[in-house]
Every structure is written in structure tokens, then in C-alpha cells.
Amino acid sequence: MVHSLIVHFWTLPTKEAEDQMRATLKTAKETYLKDPGTLNWFIMQDPKDSTAWSIVERYEDEAALKAHFENPYLKHFMLNVRPLTDPAKETQILTYEEF
């Protein structure tokens, strides 16, 4: 069964944070798509609110999702993303099973 994560978050309201987030997410996408069992990793930015972002991640099965969370790159990714996110807005992480 395919497992999906949808993550909604907001960057700080600066052009620098937006540019750094875009670069960080592109690198993350390239990294995670190499992981076995990763089906898709989509990055989206709201055209009306450039601080609003969403990531849709799709994994072949629960084992692939678990491998994603165990990837050593995740720690590096989080260290780079946290300073760019708006602390006044809570990150939302939704998990789904596709059928």
C-alpha cells in the first residue's frame, strides 16, 4: 500500500528565506528520490503567499517510509530548514495510505 505524507509549512517573510528554502528543497528532492521505495517528492509554493509551501511525498510501502525517516540526510535537512521557517505558524504533517 502506498504511504503518503503531505507537509504544509511557512518560511520567514523574506526573499532570502524563500530562496534558501527553494534551494534546500530542490536538494532534498534530488536526495530522497534516490531512496529505494520513494515514488514521488513534489514541492509546491503558494502563488498568492510565497511564504506558504507544501511537500507531497509518496512511498511504495511502510518500509520505504520508515527508510525515509532513517535516512541520515533528514537530520541535515531539518537543521537547514528550521531556521527558515516561520515560528508563528505551525508546520502540519499529514499521513495517508492510498487505495
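Every number in this text was worked out from the coordinates using simple rules, so none of it is lab data. From a predicted model like this one, the values you see are computed outputs, not experimental measurements. In this analysis, Cβ positions are derived from the backbone assuming ideal geometry, glycine residues included, and neighbour counts consider all displayed protein chains.
Among the trypsin sites (Lys or Arg not before Pro) within segment 15-56, those in coil by DSSP and having at most 10 neighbouring Cβ atoms inside 10 Å are LYS34, LYS48. What is the distance in Å between the Cα centroid of segment 70-97 and that of segment 31-61? Comparing the Cα centres of segment 70-97 and segment 31-61, I get a distance of 12 Å. Measuring nothing but alpha carbons in the chain and taking Rh as the Kirkwood radius, the Rg to Rh ratio lands at 0.97.
The helix-only estimate of mean residue ellipticity at 222 nm for the chain, built from DSSP H runs of length n ≥ 4 each weighted as -39500 (n - 2.57), is -11500 deg cm²/dmol after division by the residue total.
Placing +1 on the Cβ of every Lys and Arg and -1 on the Cβ of every Asp and Glu, with no other charges, gives segment 3-97 a dipole of roughly 260 debye about its Cα centre. Residue-wise HN-Hα couplings along segment 84-99, as the Karplus relation 6.51 cos²θ - 1.76 cosθ + 1.60 with θ = phi - 60° gives them from phi, are 8, 8, 7, x, 7, 10, 7, 5, 10, 10, 10, 10, 9, 10, 7, 9 Hz; Gly and Pro carry x. Under 5 Å between amide hydrogens, built in the peptide plane, is the criterion, and for LEU39 it picks out ARG58, TYR59, GLU60 among residues at least 5 positions away or on other chains.
Once the Cβ-Cβ distance of GLU90 and LEU33 is raised to the sixth power relative to R0 = 25 Å, the FRET efficiency obtained is 0.35. Scanning residues 5 or more positions from ASP86 or on other chains, those with amide H under 5 Å from its amide H are TRP10, THR11, LEU12, with H placed 1.01 Å from N in the peptide plane.
Note on the chain: GNM, Cα springs under 10 Å; of ALA17, ALA88, ALA64, the largest mean-square fluctuation is that of ALA88. Taking θ as phi - 60° and the Karplus parameters 6.51, -1.76 and 1.60, the scalar couplings of segment 36-43 work out to x, x, 7, 8, 8, 8, 9, 10 Hz in sequence order, x denoting glycine and proline.
Once both axes come from the Cα atoms, what is the angle between helix 15-32 and the longest principal axis of the chain, in degrees from 0 to 90, rounded to 10? Here the helix axis deviates by roughly 10 degrees.
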